[in-house]
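These notes concern the structure reproduced below.
The values are calculated or read from the model by the stated rules, or taken from the named source; none is laboratory data. Nothing here was measured: the structure is a model prediction, and the numbers come from that model. As a convention, Cβ positions derive from the backbone with ideal geometry for all residues, glycine included, and neighbour counts pool all protein chains shown.
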Amino acid sequence: MQRDFAALDGRQVDVLVIGGGIYGAWTAYSAALKGWSVALVEQGDWASGTSSASSKLIHGGLRYLEHFEFSLVRHALEERRTLAHIAPHLIDPVSFTVPVYAGDRVSRPKMKAGLTLYDQLAGGNQPTAGHASLSRGELLERLPYLREQDLRGGFSYGDCQEDDARVTLEAVRGAAQAGATVCNYARAQPIIERGRVKGARVRDQLGEAEAEVRAKLTVIACGPWSMTLLGGRGPKAKLIKGVHLMLPPLPEPRTAFLLTARRDGRVFFVIPWYEQTIVGTTESEYHGDPELAPILESEVEYLLDETRRALPGLQWQRDSVRGAWVGLRTLLEEEAGSLSAVSREFSVHLPMPGALVPMGGKFTTARRDAEEILAQARRQLGPPPKDRGTDVPLGRKPREEFASWLARMRERGEALGLAPRCAYWVAKRFGSDVERVHALIDEDPALAQPLGALPFCRAEALYAARYEMVVHLKDLVRRRIPLMLMMPPNRELLEELAALIAPERGWDAAEQQAQVERTLSRWPRIVADERATAQNSAGPPNPTE
């Protein structure tokens, strides 16, 4: 994972992938595993768009059953099983509670039927248990902060969660280790000759250098930017904006909730994540520049109001919000009664010879969807040199039984001076690479110090700067370690981190300060609705500006 822009110049590859989100990363990884020559470029940092702005779930999508998307749910639940097997350190089971109230849009019998179908579609050998019915008394005894009025009982069921930015990074690293040339901060513009895409001209975002990458096939997996990268030749799509909030931890750290908003009947989640709580998501159509999608005060209040209604005992207020983020999903343009009803089914489009554009889909299914992209690629490239699948370990999957390995790594981390919670999470986040993080602490015990009140340590920051293609300070504190999602701006901590990684990045004192200032200026902020009106009507995004 060392950035080398010069390695792109003059490359002739079978497959060029433009876009370093989860779909681009899995496509590059899968193609490289099959023996094709591959280049992967991303105009920003890995997962810097939608792929680090999700609900952090690996799930079937229970709500999609309402819209009869059975194949999508089955597909996703099969992938949940596969991902939990190939990356047990990255994928965590989580138990969801679904309280049901009198007057809810989805009645208790209907919810029971949906959860039964969900379990049937999942099949066997899943990482989570099936659903169970819960009485009103059981719910209130275990979760006394639930709203009591009109509570009729509820259910529990299992799904999984992850750190989306880290999963994407591990897929990129897998592609690099399988032989792909990967480079972030490299903006690509397709080369179109005689009506055919033949690769891309790539500009180094860190300097003036340019490179030309010729490719037999170009996969444009840029999410919100895909629509215009071919000058309007791409499929017609709409951008769906979703906002999430970070709030204090729940009393039961492994309990999540699937709730129904009383205001509009939408489903939303309350999910534990790194010892805090995610609440989301909103859903609205967006027409502005993807780089400038705002987090609106009205969206924050919507999520807080609905969460307080369902979980009044938590007493979360506006000042309880510790962080927030916004993401954009790219879905095919279609008529539907609501945004929730717009299909999430994945599709691959051939807007012109030599180019493929994936649309729709979801984070959970990206690995399998990448196989569909490569099935299309096979029609243009012929059979791949290697006939192998992609259900191989993702990241540094421990070789021994996971639970015993995790216990041993936690004990080792604590012996080195890590706080118990940091010792746990560093093992979960890095897999068997945790031994390299431990080695850094062994050399310098001060690296065991935690980052503020969060369950991360300084050694993780140094490791990321040295081995995970960090270019800017924001890459470190937004995607390698999600500080920007979990806390208000903290200049002192940013200055400490900039100084820590400066030798790895070659920053002098002036550049360290510049990195801190730029990161502070880009910290997610909640804005009043009227401030975003002009921005939201600014027209379609232009990825080449």
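With Pro488, Pro503, Pro455 as the choices, which residue is under 22 Å from Ser48 (Cβ atoms) and either part of a helix (DSSP H, G or I) or in contact (Cβ under 8 Å) with a residue 24 or more places away in the chain (or both)?
Working: Pro503 fails: under 22 Å from Ser48 (Cβ atoms); Pro455 fails: under 22 Å from Ser48 (Cβ atoms).
Within the list Pro488, Pro503, Pro455, the selection yields Pro488.
Condition check ((1) out of contact with any Gly (no Cβ under 6 Å at 6 or more places or on another chain); (2) surrounded by 21 or more Cβ atoms within 10 Å (Cβ to Cβ); (3) not assigned by TED's automatic domain parsing to the domain that holds Val182) across all residues:
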{"position": "Gly10", "(1), (2), (3)": "yes, no, no"}
{"position": "Gly21", "(1), (2), (3)": "no, yes, no"}
{"position": "Ala25", "(1), (2), (3)": "yes, yes, no"}
{"position": "Ala31", "(1), (2), (3)": "yes, yes, no"}
{"position": "Gln43", "(1), (2), (3)": "yes, yes, no"}
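Here Thr260 meets each of (1) within 26 Å of Pro351 (Cβ to Cβ); (2) within 24 Å of the chain's Cα centre (by Cα) with one exception, condition (1). Applying the set (1) within 25 Å of Thr364 (Cα to Cα); (2) among the hydroxyl-bearing types (Ser, Thr, Tyr); (3) out of contact with any Leu (no Cβ under 8 Å at 6 or more places or on another chain) to Thr218 leaves exactly one unmet item: (3). Among the residues of segment 368-425, those identified as buried (at least 18 other Cβ atoms within 10 Å of the Cβ), under 22 Å from the mean Cα position of the chain (by Cα), in a loop (DSSP other than H, G, I, E, B) and not aliphatic (A, V, I, L, M) are Thr390, Gly395, Arg396, Lys397.
Being free of Cβ contacts under 8 Å to residues at least 60 places away in the same chain and among the polar types (S, T, N, Q) is the filter here; which residues of segment 149-165 pass it?
First pass over segment 149-165, keeping only residues free of Cβ contacts under 8 Å to residues at least 60 places away in the same chain: 149-155.
Passing the criteria: only Gln149.
Among all residues of segment 100-117, there is none that is buried (at least 22 other Cβ atoms within 10 Å of the Cβ), within 28 Å of Leu250 (Cα to Cα) and within 24 Å of the chain's Cα centre (by Cα). Number of residues in segment 205-249 that are assigned to a strand (DSSP E or B), modelled with pLDDT of 95 or more and among the hydrophobic types (A, V, I, L, M, F, W, C) equals 10.
Scanning segment 164-204 for residues that are at pLDDT below 95 and on the phi > 0 side of the Ramachandran plot yields a total of 2. Against the criterion of being of a type outside the set (A, V, I, L, M), farther than 30 Å from Pro144 by Cα and buried (at least 20 other Cβ atoms within 10 Å of the Cβ), Lys198 qualifies.
How many of the residues making up segment 248-273 are of a type in the set (Phe, Trp, Tyr) and over 28 Å from Cys222 (Cβ atoms)?
Of segment 248-273, the ones of a type in the set (Phe, Trp, Tyr) are 257, 268-269, 273.
Add one more test, that the residue is over 28 Å from Cys222 (Cβ atoms), and what stays is 257.
The total comes to 1.
Residues of segment 426-452 being among the acidic types (Asp, Glu) and within 27 Å of the chain's Cα centre (by Cα), which ones? Correct list: Asp433, Glu435. Note on segment 108-148: residues that are assigned to a helix (DSSP H, G or I), free of Cβ contacts under 8 Å to residues at least 40 places away in the same chain and not basic (Lys, Arg) total 9. Per the listing Gly179, Gly199, Gly174, the residue uniquely over 30 Å from Val98 (Cα atoms) and assigned to a loop (DSSP other than H, G, I, E, B) is Gly179. Please tell me if Val38 is within 24 Å of the chain's Cα centre (by Cα) and within 29 Å of Asp150 (Cβ to Cβ). Here the answer is no, as Val38 does not meet what is asked. Among the residues of segment 147-186, those identified as under 19 Å from Ser55 (Cβ atoms) and not acidic (Asp, Glu) are Ser156, Tyr157, Gly158, Cys160, Gln161, Ala165, Arg166, Val167, Thr168, Leu169, Ala171.
For segment 48-65, state whether one or more residues are within 22 Å of Pro190 (Cα to Cα), surrounded by 21 or more Cβ atoms within 10 Å (Cβ to Cβ) and not polar (S, T, N, Q). Yes: one or more hits.
Hey, any hits in segment 123-131 for a residue that's touching a Ser or Thr at 6+ places or on another chain (Cβ under 7 Å), over 18 Å from Asp264 (Cα atoms) and modelled with pLDDT of 95 or more?
Going through segment 123-131, the residues touching a Ser or Thr at 6+ places or on another chain (Cβ under 7 Å) turn out to be 131.
With the extra rule that they be over 18 Å from Asp264 (Cα atoms), the set shrinks to 131.
Still in the list and also modelled with pLDDT of 95 or more: 131.
Scanning segment 123-131, I find at least one residue that is touching a Ser or Thr at 6+ places or on another chain (Cβ under 7 Å), over 18 Å from Asp264 (Cα atoms) and modelled with pLDDT of 95 or more, so the answer is yes.
Scan segment 243-264 for residues that are out of contact with any helix residue (DSSP H, G or I) (no Cβ under 9 Å at 6 or more places or on another chain) and in contact (Cβ under 8 Å) with a residue 24 or more places away in the chain and the total you get is 3.
Within the option set Glu291, Glu299, being modelled with pLDDT under 95, in a helix (DSSP H, G or I) and not assigned by TED's automatic domain parsing to the domain that holds Thr27 holds for one residue only, Glu291. Evaluation of Phe268 against the conditions (1) of a type outside the set (D, E, K, R); (2) buried (at least 20 other Cβ atoms within 10 Å of the Cβ); (3) free of Cβ contacts under 8 Å to residues at least 40 places away in the same chain; (4) under 23 Å from Val348 (Cα atoms) shows that the sole unmet condition is (4).
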